[in-house]
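This report concerns only the one structure given below.
Bear in mind these aren't lab numbers, they're just calculated from the coordinates by the rules spelled out. Being a predicted model, the structure only gives us computed values, none of them experimental. When we count neighbours, we look across all protein chains shown, and the Cβ atoms used for this are built from the backbone with ideal geometry, even at glycine.
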Amino acid sequence: MKKPLIALDGLDLLASAVLVLRPDSDIAYANPAAEILLASSSKALTNHKLNELFINCQELEQVFQEALEHQFADKRLDLVLERLGRDPLQVHVVVSALDSAETPVLIELRENVQQLKLDREERLIDQSQANKELIRNLAHEIKNPLGGIRGAAQLLEMELPERHLKEFREYTQVIIKEADRLQTLVDRLLAPHRSPHIVGDVNIHEVCERVRSLIVAEFPNGLKIKRDYDLSVPEFRGDKEQLIQAVLNIAHNAAQVLSARMKAGDAELTLRTRIARQVTLAKVRYRLALDLHIIDNGPGIPPDIRDRIFYPLVSGRDGGSGLGLTLAQTFVQQHMGLIECESRPGCTDFRILIPLP
């Protein structure tokens, strides 16, 4: 049984993208949500055919033809629709047959948010695993030559003639100090893989309060730290010191980029805890999870590094080591969790998800 044609005025109010098609697959109407999803005006979309919008349109065209032949009233499918020069769309598609000779088919497109989320999580986990392997191998390759360079500089300094000691000691000290600095960097890279995982009962609000006190001590003026805690979040088993370090790394980065707002006196950092339900992490479904947000009202993460912020040695500020977020992600993943980030000017939100008992 075919559906009657819905009033187009009503389609304008829908949050999902809607296309109404003629029998030859020309688009007769596109609602505002379709304009947003397809990044094109209604005027530009109308009178174009489906295969002019998407490169891999064969399956959608087949379903469109079935709707024309009245083989169903509604049909649902998940598709990845590729577009020339744009990112592919992962969408849930509803194709409906309408009771109209002029516009017999309606296609509704909804972004498949859950699939997008799963794909993003999978990329973060794969990226983190690759980072760990890279860091471990690189650190070990650097460590041995560093010891040789430092030792050689010390021996050279001991062998310098007295009359040249003062003149050349400055150079040997530069070598020794730089070797020590690189050694410290290597030790930081290897720290998550060396340190034992000390498991105990963790109260996430004690973790947040510890981080808050450290941030307040370092940034006493111009920064307001808001606490928005859900006290029903239960304790869980974990390494308290690792979690303090993970949250501190994120909060400290946020405080540093808020320097301009601190001078203006309106810098804000929010620590928010909630319980998330039915969460999928690394393809495993958990009934409950800690949902911790660290939110700042700073300038946002630069777009050119937004997809790489958890890579080692990637930093958005001058003088940053680029290790803080890498280590934070490693520590959280050791708790079977994940850190996600959404950022725009005026709001950067780091979200830590950790399974709860």
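Output the relative contact order of region 8-111, whole-number percent, from Cα pairs under 8 angstrom with separation of 6+ residues.
Values: 197 pairs, mean separation 28.9, N = 104.
Normalised by residue count, the contact order of region 8-111 is 28 percent.
Please give every one of the aspartates and glutamates within straight-line cross-link reach of LYS166, meaning a C-alpha to C-alpha distance under 20 Å, and leave out same-chain neighbours fewer than 8 residues apart.
GLU157, GLU178
At q = 0.17, 0.18, 0.19 Å⁻¹, what log₁₀ I(q)/I(0) does region 239-344 have when each alpha carbon counts as one equal point scatterer in the Debye sum?
-0.87, -0.97, -1.07
If the viscosity is 0.890 mPa s and the temperature 25 °C, what translational diffusion coefficient in µm²/s does Stokes-Einstein give for region 50-113 when Rh comes from Kirkwood over Cα pairs? Intermediate values should be presented prior to the final figure.
Numbers: Rh = 12.2 Å.
Taking Rh from Cα pairs, D becomes 201 µm²/s.
Cross-link candidates for LYS240: which aspartates and glutamates have Cα within less than 15 Å, leaving aside residues fewer than 8 places away along the same chain?
Of all the aspartates and glutamates, those that pass the test against LYS240 - Cα under 15 Å, at least 8 places apart if same chain - are ASP201, GLU206, GLU209.
Distance in nm between label sites at LEU84 and LEU185, each 7 Å beyond Cα in the beta-carbon direction?
The modelled label-to-label distance comes out at 4.6 nm.
Between ALA101 and THR46, what is the label-point separation in nm under the 7 Å Cα-to-beta-carbon projection?
Reported label-point gap for THR46 and ALA101 is 2.2 nm.
Points 7 angstrom from Cα along the Cβ direction at ALA264 and GLN58: gap in nanometres?
Each label point is offset 7 Å from its Cα along the Cβ direction, giving 5.4 nm.
If you count, for each residue, the other Cβ atoms within 10 Å and average over each peptide, how do 256-267, 25-36, 289-300 line up from highest to lowest? Could the numbers behind the result be given before it?
Values: 256-267: 15.6, 25-36: 18.8, 289-300: 21.3.
Result, highest mean Cβ count within 10 Å first: 289-300, 25-36, 256-267.
Could you please report the charge total around ILE352, scoring K, R as +1 and D, E as -1 over all other residues with beta-carbon less than 9 angstrom from its beta-carbon?
Details: positive: ARG351; negative: ASP291, GLU340.
So the environment of ILE352 carries a net charge of -1.
Once the Cβ-Cβ distance between LYS143 and GLU235 is put in as r, and R0 is 41 Å, what FRET efficiency do you end up with, to the nearest 0.05?
Details: r = 38 Å, r/R0 = 0.93.
About 0.60, to the nearest 0.05.
Give me the number: length gained by fully extending LEU77 to ASP349, i.e. 0.36 nm times residue separation minus the C-alpha to C-alpha distance, one decimal in nm.
On the way: separation 272, 0.36 × 272 = 97.92 nm, distance 3.26 nm.
Contour length minus Cα-Cα distance gives 94.7 nm.
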